[in-house]
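This report concerns only the one structure given below.
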Amino acid sequence: MTERIYLSSPHMSDEGYEMQYVKEAFETNWIAPLGENVNQFEKELAEKVGSKAALALSSGTAAMHLALKAAGVGEGDIVFCQSLTFAATSNPIIYQHAIPVFIDSDPETWNMSPEALEKAFEKYPNVKAVIVVHLYGLSADMDKILEICRRHNVPIIEDAAESLGAYYKGKHTGTFGDYGIFSFNGNKIITTSGGGMLVSNHVDKIEKARFWSTQSRDQARHYQHSELGYNYRMSNVLAGIGRGQLKVLDDRVAKKKYIFEFYKRELGGLDGIEFMPIHEWNEPNYWLSAIQLTGDIRPIDLIEALEKENIESRPVWKPMHLQPYYEKYDYIHLGTDVAAKLFENGVCLPSDTKMTDEDLKRVCGTIKELWKKR
Ligand SMILES: *Cc1c(COP(=O)(O)O)cnc(C)c1O
């Protein structure tokens, strides 16, 4: 059997940076709680993305939860949320007992449609927060979205879980809005096996979130709590992995871009394949190479043909407004459901940074074979 090709698997540095930091944690017995790796990982990530403050957490989902709380979202509040995303974006809205209203995507960016957002504000003038996602490391149209949200005086939370290393007009994604969240889950561009980060220029809000993330312990000799708390902090061991991974982020982005361009060159000529949109104002991190199939070969045909060759691929995210759990909530679009179409036609090709040219040729060969057999 040929070796399996993965969609996106953990890729530690050749230099062993991660082990070095983890070893330091062991040697100083700073296994838990917190410690120097956590402090430095926060500092290094904040510097990398250009944010004033950062908070290392147990997951991207935890970061989203605390971002919503920091933005003042509570029971009965309305939150506008991009529909085309992973459930981790919207689940924390429910944790806060708030009400999501889902917003369609723009076919030009695959992310939140500024026009649909504008339309949503007409229907729901009282909105507590807007969550925009930078899917697959592409960026949303931030200038337009920021202008609309500022005009309505509503805070923006950017879900940059998939877009670490991706820039919009030279500025890092996740640093435009009031809050940004990142994920270091196992399949993300860099990983700590599991983890997340909340970033913001509102330093006081990050301090408040830090308090909530450690069970909201008041300053007192005894255990005293005047607010509800959570156990959301990242461990010092995992932060060590994160520090090492951050050193190779640029290399990972370069390889992801190489993979995308390889596919584009090899498969661009096949009829009915369209690649995710790349604009001159966007420097993506190319986390996953995603395509649209507009001809008679359907995503399931491609995914199954690749699976037969022991190659992992995946459909594009199924939008939240189509999820059984979320279908009772409102969905704002401009007549055609763009998110549904992106889902129906979408495939994420293997984008594992450990792939060799031989592996890439194996993927492309399998796909070309499918087109020939048609
Ligand atoms: C991975 C991901 C998250 C959540 O991250 P976890 O660290 O797995 O909790 C949130 N949003 C999007 C779009 C993601 O892809």
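With the structure loaded, tell me whether Val79 is assigned to a strand (DSSP E or B) and free of Cβ contacts under 8 Å to residues at least 60 places away in the same chain or whether it fails that test.
Numbers: assigned to a strand (DSSP E or B): yes; free of Cβ contacts under 8 Å to residues at least 60 places away in the same chain: yes.
Answer is yes for this residue.
Given the structure, is Ile181 more than 16 Å from the ligand (Cβ to nearest atom), in the same structural domain as Tyr232 (by TED's automatic domain parsing) and hydrophobic (A, V, I, L, M, F, W, C)? Walk me through it before giving the result.
Numbers: more than 16 Å from the ligand (Cβ to nearest atom): no; in the same structural domain as Tyr232 (by TED's automatic domain parsing): yes; hydrophobic (A, V, I, L, M, F, W, C): yes.
So Ile181 does not fit the description; no.
Please go through region 31-62 and give me each residue that is farther than 14 Å from Leu238 by Cα, within 16 Å of the ligand (Cβ to nearest atom) and hydroxyl-bearing (Ser, Thr, Tyr), ordered by number.
Within region 31-62, Thr61 is the sole residue that qualifies.
So Val73 fits all but one of (1) under 14 Å from the mean Cα position of the chain (by Cα); (2) away from the ligand (no atom under 16 Å from the Cβ); what number is the exception?
Here Val73 meets the rest and fails (1).
Answer with yes or no whether Leu7 is surrounded by fewer than 21 Cβ atoms within 10 Å (Cβ to Cβ), more than 17 Å from Thr175 (Cα to Cα) and touching a strand residue (DSSP E or B) at 6+ places or on another chain (Cβ under 7 Å).
Working: surrounded by fewer than 21 Cβ atoms within 10 Å (Cβ to Cβ): yes; more than 17 Å from Thr175 (Cα to Cα): yes; touching a strand residue (DSSP E or B) at 6+ places or on another chain (Cβ under 7 Å): yes.
So Leu7 passes the test.
Pick out the one residue from Val347, Val338 that is touching a residue at least 24 places away in the same chain (Cβ under 8 Å), in contact with a Lys or Arg (Cβ under 9 Å, 6 or more places away or on another chain) and at negative phi.
Working: Val338 fails: in contact with a Lys or Arg (Cβ under 9 Å, 6 or more places away or on another chain).
After ruling out the rest, the residue left standing is Val347.
Residues to consider are Phe86, Phe80, Phe121; find the one that is closer than 18 Å to Phe176 by Cα and in the same structural domain as Asn187 (by TED's automatic domain parsing).
Answer to the selection: Phe80.
Inspect region 283-293 for any residue being over 22 Å from Gly196 (Cα atoms), surrounded by fewer than 23 Cβ atoms within 10 Å (Cβ to Cβ) and free of Cβ contacts under 8 Å to residues at least 40 places away in the same chain and give the result as yes or no.
no
Within region 78-93, how many residues turn out to be more than 14 Å from the ligand (Cβ to nearest atom) and over 23 Å from Arg210 (Cβ atoms)? Walk me through it before giving the result.
Initial filter on region 78-93 (more than 14 Å from the ligand (Cβ to nearest atom)): 78-80.
Pick out the ones that are also over 23 Å from Arg210 (Cβ atoms) and you get 78, 80.
Total meeting the criteria: 2.
The values are calculated or read from the model by the stated rules, or taken from the named source; none is laboratory data. This structure is a prediction, so every number in the text was calculated from the model and none was measured. Cβ atoms come from the backbone with ideal geometry, glycine included; neighbour counts cover every protein chain shown.
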